[in-house]
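Inspection log for the structure reproduced underneath, given as structure tokens.
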Amino acid sequence: MGEGRPPGAGPPGDLPAAHVQLVGTWRKASDSECARAYPDEIQFFEHRYLARRGPGQSFVRWDIGGYEVTGPGDVRLGTATDERIGYRFSVAGDDLTFVDDDGCEFTYQRAGTASPEEP
């Protein structure tokens, strides 16, 4: 029965609960100096994400890539430089907050409730 899958993970096609929290489109709500290094919008799919820069943004740390929830409140994202970097995250209602290794905390708000299709 589902060898190699954690208990309670469900059938192989099911998304783990931690991934389900992230799936969707999010718009940045933070405007701190350190938050400017992150895209204005990010769309999480089942195992990938697509980020969009906002007006006036040049290089952003996230553009397109894979991600993996590695533990409660921990996610690893493939970055614009192809590194896989860990971040702390939390979801409270329609707010998604990340904290990077430098202590920068920034928040996104859910843009819609429809589940996107992976490109």
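The single condition among (1) touching a Lys or Arg at 6+ places or on another chain (Cβ under 7 Å); (2) farther than 16 Å from Thr97 by Cα; (3) surrounded by fewer than 17 Cβ atoms within 10 Å (Cβ to Cβ) that His47 does not satisfy is (1). When Ala80 is tested against (1) in a loop (DSSP other than H, G, I, E, B); (2) under 21 Å from Ala111 (Cα atoms); (3) aliphatic (A, V, I, L, M), just one condition goes unmet, and that condition is (2).
Yes/no matrix, rows are residues, columns are (1) over 11 Å from the mean Cα position of the chain (by Cα); (2) modelled with pLDDT of 90 or more; (3) not aromatic (Phe, Trp, Tyr):
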position	(1), (2), (3)
Met1	yes, no, yes
Pro7	yes, no, yes
Gly13	yes, no, yes
Ala17	yes, no, yes
Gly24	no, yes, yes
Ala35	yes, yes, yes
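Each row is one residue, and each column tells you yes or no for (1) in contact with a strand residue (DSSP E or B) (Cβ under 9 Å, 6 or more places away or on another chain); (2) small (Gly, Ala, Ser); (3) in contact (Cβ under 8 Å) with a residue 40 or more places away in the chain.
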position: Ala29; (1), (2), (3): yes, yes, yes
position: Pro39; (1), (2), (3): yes, no, no
position: Gln43; (1), (2), (3): yes, no, yes
position: Glu46; (1), (2), (3): no, no, yes
position: Gly56; (1), (2), (3): no, yes, no
position: Glu68; (1), (2), (3): yes, no, no
position: Gly73; (1), (2), (3): yes, yes, no
position: Arg76; (1), (2), (3): yes, no, no
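The values are calculated or read from the model by the stated rules, or taken from the named source; none is laboratory data. This structure is a prediction, so every number in the text was calculated from the model and none was measured. Neighbour counts run over all protein chains shown; Cβ positions are idealised from the backbone, glycine included.
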